[in-house]
Structure formats: structure tokens, C-alpha cells
Amino acid sequence: GTGADNDLYINQAVVFIEDAIQYRSINHRVDSRSLWLYRWYYSRTCQWILSLTITIILALAFIEKPSSLTVTSDVRYRLPAWNPPCGLTESIELLCFLVFVVDVSVKSYLIGWEEFWKNKWLMAYILTLIVSLTDWVVSLSFFCTENMRIRRILRPFFLLQNSSMMKKTLKSINSTLPEMASVVLLLAVHLSLFTMFAMLLFARTKDGQQDKEWVGYFRNLPDSLTSLLVLLTTANNPDVMIPAYSKNRAYSIFFILFTVLGNLFLMNLLTAIIYNQFRGYLLKSVQSSLFRRRLGIRAAFEVLSSLKDTPANAQQPYVSVGALLQVLQKVEMDSRCKQAILRSLKMCSCDQLSAAQFQKLFEELDKDAIKQHPPSPEYQSHFMQKMQFAFGHPYFGYLGNVVALANIVSICVVLVMDADKQPSERDDFFLGAINCFFILYYMLEMLLKILAMGLKRYLSYPSNRFDGLLTVILLLLEISTFAVYGFPHPGWRPEFMGLLSLWDMVRLVNMLIVFRFLRIIPNMKFMALVVTTLLDLVKNLRAFAGILVVVFYAFAITGIMLFKDAVVPLGNTSSIIFQGKMWFHGSLITFRLRLFTTYLLSVNLICRWAKIYFVAWWLISSVIWVNLFVALLLENFIHKWDRRCHREPVSDVEYQRTVELMFRDVLEEPTEEELMEKLHQHPHLQLCR
């Protein structure tokens, strides 16, 4: 009936607007049952359960055999780790797999079977689950004694497929690979040529005393190639050239040429190519996200214009304000945006909205409002007004920065003076006294600022919250120190009491004071720009970080399987590949460029073919991934720098673009023809016009 159809249109509009808010695709089923399932699937509860499941299945590697539940990763000192009994982690895995089966089933149903066969990610999702469940059954049949567990390597895929931004990032990386491959090939040619030159220059001679370079680095082709590859990372520089340089200074020319051509030219050329090819990644992604948002809003308009109360003779489609109000009551969106849209509707005197007006209302989604700072208190007393002016002035904040700098300098002086003293010779009186003075000043400064600005306005600034929190913690630590050890006095070296010794308490206070000095960053414009750029990368480039986690995880699991029990510790030897059993946690931490030399040169103890593993890790993590990060960092910084140069003064209410629309000024709005063409291609939505 008419009422049921209207309810369906209202629910469709609700879902389309929620898709626009989250930048989701609208190509899904739109019947009543599917819409209910769709909203349930994308509810916070379901998505939280899915995210928790992914976290749990990834974290299983820390407790599975070989377990990483030890305080230290050093095989000489750690106690035997707890290994869970067979069936415990497997039961948790099975529960996770069941959640993933439900996840892929719901996704497949919602997009429809025709779209399902076109979706490569869903096909790979199902294949991964089949392989993982098969491997799980095999593991139980062997009573958890098998050495190879394929499903552990596949676990990062569950994280990857759950993020649309990660998929876009991978697609962009894939488009950049041909250009990167050409430079990597040039790098391989450079490495090969210099390897041949090295084998000719440092060939074996009759005098064994003069063959240290040949013995240590260039005995054969694999060793020569490995030595120069490590030199390309500068990890064994200058060790690799010392024997030859000791013999003849002219040999340094060879190593200088290799380093200059490889590091200064080819590696930087690779960075330039990656940046040139990848710099449009954010812009393309944002353009696609903008189109999805506009398409979702237009789809909501089209279904609302199909309501039965719309006159059939209307020349142009429109949506009644009443219908939009019904939709807004059901839509899950930020309360600020909803209130802004409702205010705009009240200001609009018309009862009907055109497509342009409808789209204009929802442009509020493109802005993220920074909350308005509460007003300062109004004092009647003339004296209090002067106090408010003095302590609310920026110069009072500058004075606090100078005092904080003086505190840092005094701590440095004391640390330098006491660097070589034994704990029994150290007198903590001076450091304790100056800490007491500065902490009292910090407390007074905080109270005076609260007096001038009011508590609500003071807490509305993140820098004040940071400053105030550290000040309160410092005050509590100082009170605790006085309660346990008394007030500072000459020869203040009491015995250990309580949880921490006096020296530990003083060190903790000093570390917090040093950390508090970061308050100066907002007052230094260029430093603030750099810090905000880094914070934006941390907050907004989660997809990039997620793929990095995938790479780390995959290589760590592969290393566990390849090098488990490969090397046993001998005496006090600490250069052990992956610390004997290559525990998972240790393998994540010890993947560093500077350890590349140790691993690559020590891997001869196992198998020369194992070098492929470490070279692949170096290429993916250090060469490709670091350069990709540099490209994203440059693009983000340049964009912020341009905005800073053209920034206009703003009022007490500031609007900051979300990361998806950080390039809003250079984006192209989709035309009505593009939107309608895409809507008519919707596999499950039939428009009336």
C-alpha cells in the first residue's frame, strides 16, 4: 500500500544518507529486509565485534607456540614461556572464523549475487577462509604438533579486506609498481657491476696478510653481492672498506663512487619517482569519496521525491521538508551536523526543497566544527579586571615558557654535574629544591589562568588540558615524595622506601617536566605546522599504517616458520638470528635497518637462500614503504603549508576540513548528469525518472 511504500522510501533515504556520511557505496539491496540487515551490519555494535575479532585473531600469534609471553627476549636470561594447551587457541580461532563466515555471508547477500561474482576481494575472502579452515582441521588432526601453519600467514588479510581505504592504498601502490620496478632494476644493474669490479679489485693474492678484504667481504660472488647490498643501506659503512683502505687509500674511490651513485642518485631518484606517481593518491581518493557522498545524498533525494504525496504534475522533482524531518529523526549522524541542518531548515521559509537545496543542506557534512570556546568570566571589581587582563595576556604564557626553559636548563646542569657520581655520593638536595620551586610556579600559573579565563574556557584548549594535567601529576608526585622522604635538605639521600626510591621519584618528576616543555610548540608557528602535519598523518593515514602492520605481521610469521630453532645460543653470543626461536614479539621489534647487516651476514649459518627473505624485507619495508611514507608526508606538509600561507583570520568558531575533504578547494563537484547516470546503473534501485 501507499503507507508501506512511503516507509520503504523513508528507510532507503535514511540508509543512503548514512552511506554518504561514511563514504560507503550505495550499490546494495534496498528492499525492507535488506535495509534492516544493512543497518544492523554497519551498526557500531557489529563493527566493534568485527574489529575485536580481527584484533583477537592477530594477537593469537603472541601466545601461540612459540609463545612471546616473557619479560625479556634474550634467550640467555628468559624463563620458559607458557605454551597454551592444544585446542585452546584453536577454539578461539574457530570462533573468529565463524564471525568471518557470517561477515562474508552478509556482505555477499547485501550486494547481490551478480555483484558478488565481480568482487575480487570477496572471492579472495572466501578462499582465505576455506584455506584457513582446512589448515585448522589439519592442525587438530596432528594434535597441534605441525610446524607449518599456513593460516597464520593469511591472518593479515582479514584486517586488509575490512578497510576500504587500505584497498584503495594497495590499488594506488599497484599502479606505482611499474615505475618503481624500472629504478629497482637499475639499482640491481648498479649493484651487479660494482660487484664484478669489487671481485676484480680485491682478488686473492699470494700474500695472505694482504687479503683481509677478500677474506672478509669479497671471497665469492654471493658474499660480494651481500657486502655491497648491505653497504647500499650504509649499515656496514665504513667497516667494509677499512681493510682495503688500510692497504691503499686509493681503494676508497671505489667505495665513494658506489655510495654516491647508489645512495645519493639512485635511491633519491626512486623517492622522486614514487612521489611523482603517488602524490595524487590522496587527491584521487578524496575525489572518489566526494563523489560517493554526493551520490548518496542525491539517491536520498530521488527516493524521497518518489513519495506518494508528491503531485504527479510536478515539473521538477522536489522533497517536502516534512519528509526530510522524518529522515533526520532516524539517521545516525553527528549531533552538530544534525542541529546545523535543522537550523537551516527553520531559516528556509519554503515547504519544498529542490535537488540543489537538498544538496546544499548536507554540505554541512563536509565541515568539522571545532567547538566554540566558552566566554571568559565578567568580573565587576576593577582589580579583578586588571588581574584578568594581566594573566589572560599572551605575554603571561610566554613568561611560563621562559620559566619552563629555565627549569630544563637547571635539570641539564645538575645531570651533567652528577653524571659520574656514585648513587651514594649524589646529593639530591639541589635538584629537589629547584623542582619544588618550579612545580609551585606551575601550580600558581595554572590557578591564575583559570582565574583569568574561567575553568570551562581554560579546559576548552587542548594545550591547557595538557599543561594542567602534567602540573597536577607533578604536584601529586612532589607531595608523595615529601610524605615519604621529607622536605629537601643538604645531604638528602634517604634509604629506599615505598614503591620507588628517592632517585626514581626525582627522575620521574624530571621526565614529566621535560615532557611538559612541549607546551612551547603552539607558540612556534613553523614547529606547530610540522607537529600538526605529523599528528594528521597519525590520525588520518590509518590505512597506510594498517598495510604496514600487514607487512610486518606477514614477514614476522614467515620468519618464525623459516628460522625456528635455526640457531642455538653459544655462551655469551648475542648475535642470534631472531634470538634462537625467533619469537613473534621479538621479530617485530628487531626488524631494524641497522640489524640488517647482522641477519644478512649471519644467515650463512643456515642457508644462503635465506638471504632472499631479508633482501625482500629490506626492499619492501625500507626501500618501497619508507619512500611511500615520504611521498605522503610531503604531500600533506605542502598542502598544509599552502593553506597556512593563504589562511584568513577566523572567528572564535573555526571550521576545519575533514581529511577526506582536505583538498576541497581543488576538487571538482560531480555534475548532475554524472550523478543521474550512476544512479540509473544501480543494480537494485529503480528510479521513477
Please go through the stretch 228-240 and pick out each residue that is assigned to a helix (DSSP H, G or I) and more than 15 Å from LEU200 (Cα to Cα). LEU229, VAL230, LEU231, LEU232, ASP239, VAL240
Inside the stretch 71-90, can you point out the residues that are closer than 19 Å to LEU58 by Cβ and among the acidic types (Asp, Glu)? GLU90
One residue is enough: does the stretch 140-154 have a residue meeting the conditions more than 21 Å from VAL104 (Cα to Cα), crowded, with 18+ Cβ neighbours inside 10 Å and of a type in the set (D, E, K, R)? yes
Among (1) open to solvent by 10 Å² or more (accessible area, probe 1.4 Å); (2) over 22 Å from VAL102 (Cα atoms); (3) in a helix (DSSP H, G or I); (4) not acidic (Asp, Glu), the one test that ALA13 misses: (1)
Identify, by number, the condition in (1) in contact with a helix residue (DSSP H, G or I) (Cβ under 6 Å, 6 or more places away or on another chain); (2) surrounded by fewer than 18 Cβ atoms within 10 Å (Cβ to Cβ) that TRP36 doesn't meet. (1)
Name the residue that is nearest to LEU129 (Cα to Cα), counting only residues in the stretch 157-189 that are open to solvent by less than 60 Å² (accessible area, probe 1.4 Å) and β-branched (Val, Ile, Thr). THR169
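Looking only at the stretch 384-411, count how many residues are among the hydrophobic types (A, V, I, L, M, F, W, C) and within 21 Å of ARG457 (Cα to Cα).
In the first step, residues of the stretch 384-411 are kept if they are among the hydrophobic types (A, V, I, L, M, F, W, C); the result is 384, 387, 389-391, 396, 399, 402-406, 408-409, 411.
Still in the list and also within 21 Å of ARG457 (Cα to Cα): 384, 387, 389-391, 396, 399.
Residues flagged as among the hydrophobic types (A, V, I, L, M, F, W, C) and within 21 Å of ARG457 (Cα to Cα) within the stretch 384-411 amount to 7.
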Please indicate, with yes or no, whether at least one residue in the stretch 322-335 is modelled with pLDDT under 85 and among the basic types (Lys, Arg). no
Go through the stretch 446-466 and count every residue that is in contact with a Gly (Cβ under 8 Å, 6 or more places away or on another chain) and either in contact (Cβ under 8 Å) with a residue 40 or more places away in the chain or of a type in the set (Lys, Arg) (or both). 3
Inspect the stretch 99-114 for any residue being open to solvent by less than 60 Å² (accessible area, probe 1.4 Å), part of a helix (DSSP H, G or I), farther than 30 Å from ILE560 by Cα and of a type in the set (D, E, K, R) and give the result as yes or no. yes
If I filter the stretch 395-404 for residues that are in contact with an Asp or Glu (Cβ under 9 Å, 6 or more places away or on another chain), part of a helix (DSSP H, G or I) and open to solvent by 60 Å² or more (accessible area, probe 1.4 Å), do I get at least one hit? yes
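Here is a yes/no grid of residues against (1) touching a residue at least 24 places away in the same chain (Cβ under 8 Å); (2) within 35 Å of the chain's Cα centre (by Cα); (3) open to solvent by 70 Å² or more (accessible area, probe 1.4 Å); (4) farther than 30 Å from ALA124 by Cβ:
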{"position": "LEU191", "(1), (2), (3), (4)": "yes, yes, no, yes"}
{"position": "LEU229", "(1), (2), (3), (4)": "yes, yes, no, yes"}
{"position": "ASN237", "(1), (2), (3), (4)": "no, yes, yes, yes"}
{"position": "LEU270", "(1), (2), (3), (4)": "yes, yes, no, no"}
Residue in the stretch 619-635 that is of a type in the set (Phe, Trp, Tyr) and either under 24 Å from ASP239 (Cα atoms) or modelled with pLDDT under 70 (or both) present: no
Which residue is modelled with the lowest pLDDT, if the candidates are limited to the stretch 76-88 and must be open to solvent by 60 Å² or more (accessible area, probe 1.4 Å) and of a type outside the set (Phe, Trp, Tyr)? ARG76
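Would you confirm, using the coordinates I've provided, whether SER164 is of a type in the set (Gly, Ala, Ser), modelled with pLDDT under 90 and farther than 19 Å from HIS28 by Cα?
Working: of a type in the set (Gly, Ala, Ser): yes; modelled with pLDDT under 90: yes; farther than 19 Å from HIS28 by Cα: no.
Judged against the criteria, SER164 is not a match.
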Hits in the stretch 364-377 - residues which are touching a helix residue (DSSP H, G or I) at 6+ places or on another chain (Cβ under 9 Å) and either among the polar types (S, T, N, Q) or modelled with pLDDT of 80 or more (or both): PRO374, PRO375, SER376, PRO377
Which of the residues that make up the stretch 454-476 are touching a helix residue (DSSP H, G or I) at 6+ places or on another chain (Cβ under 8 Å) and crowded, with 18+ Cβ neighbours inside 10 Å? TYR458, ASN464, ASP467, GLY468, LEU470, THR471, LEU474
I need a count of the residues in the stretch 239-268 that are in contact (Cβ under 8 Å) with a residue 12 or more places away in the chain, open to solvent by less than 60 Å² (accessible area, probe 1.4 Å) and aliphatic (A, V, I, L, M). 5
Please give the number of the condition LEU58 fails out of (1) open to solvent by less than 40 Å² (accessible area, probe 1.4 Å); (2) more than 24 Å from the chain's Cα centre (by Cα). (2)
Which condition does ASP5 not pass, out of (1) open to solvent by 50 Å² or more (accessible area, probe 1.4 Å); (2) in the same structural domain as ASN147 (by the TED database), if it passes all the others? (2)
When the stretch 193-207 is checked residue by residue, the ones that are open to solvent by 50 Å² or more (accessible area, probe 1.4 Å) and either in contact (Cβ under 8 Å) with a residue 40 or more places away in the chain or among the β-branched types (Val, Ile, Thr) (or both) are PHE197, LEU201, THR205
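Tell me the residue from SER73, SER67 that is buried (at least 16 other Cβ atoms within 10 Å of the Cβ), part of a loop (DSSP other than H, G, I, E, B), modelled with pLDDT under 90 and in contact with a helix residue (DSSP H, G or I) (Cβ under 7 Å, 6 or more places away or on another chain), please.
Working: SER67 fails: in contact with a helix residue (DSSP H, G or I) (Cβ under 7 Å, 6 or more places away or on another chain).
Of the residues listed, the single one that is buried (at least 16 other Cβ atoms within 10 Å of the Cβ), part of a loop (DSSP other than H, G, I, E, B), modelled with pLDDT under 90 and in contact with a helix residue (DSSP H, G or I) (Cβ under 7 Å, 6 or more places away or on another chain) is SER73.
May I ask you to verify whether SER91 is of a type outside the set (Asp, Glu), in a helix (DSSP H, G or I) and open to solvent by 20 Å² or more (accessible area, probe 1.4 Å)? Don't jump to the end; show me each part of the working.
Numbers: of a type outside the set (Asp, Glu): yes; in a helix (DSSP H, G or I): yes; open to solvent by 20 Å² or more (accessible area, probe 1.4 Å): yes.
So SER91 passes the test.
The values are calculated or read from the model by the stated rules, or taken from the named source; none is laboratory data. All figures in this text were calculated on a predicted structure; none of them were measured in a lab. Counting neighbours? That spans all protein chains shown, and the Cβs are built from the backbone with ideal geometry, glycine included. Note: accessible area is taken over every heavy atom of the protein model, side chains too, but ligands, DNA and RNA are not part of it. Shrake-Rupley method; radii C 1.70, N 1.55, O 1.52, S 1.80 Å.
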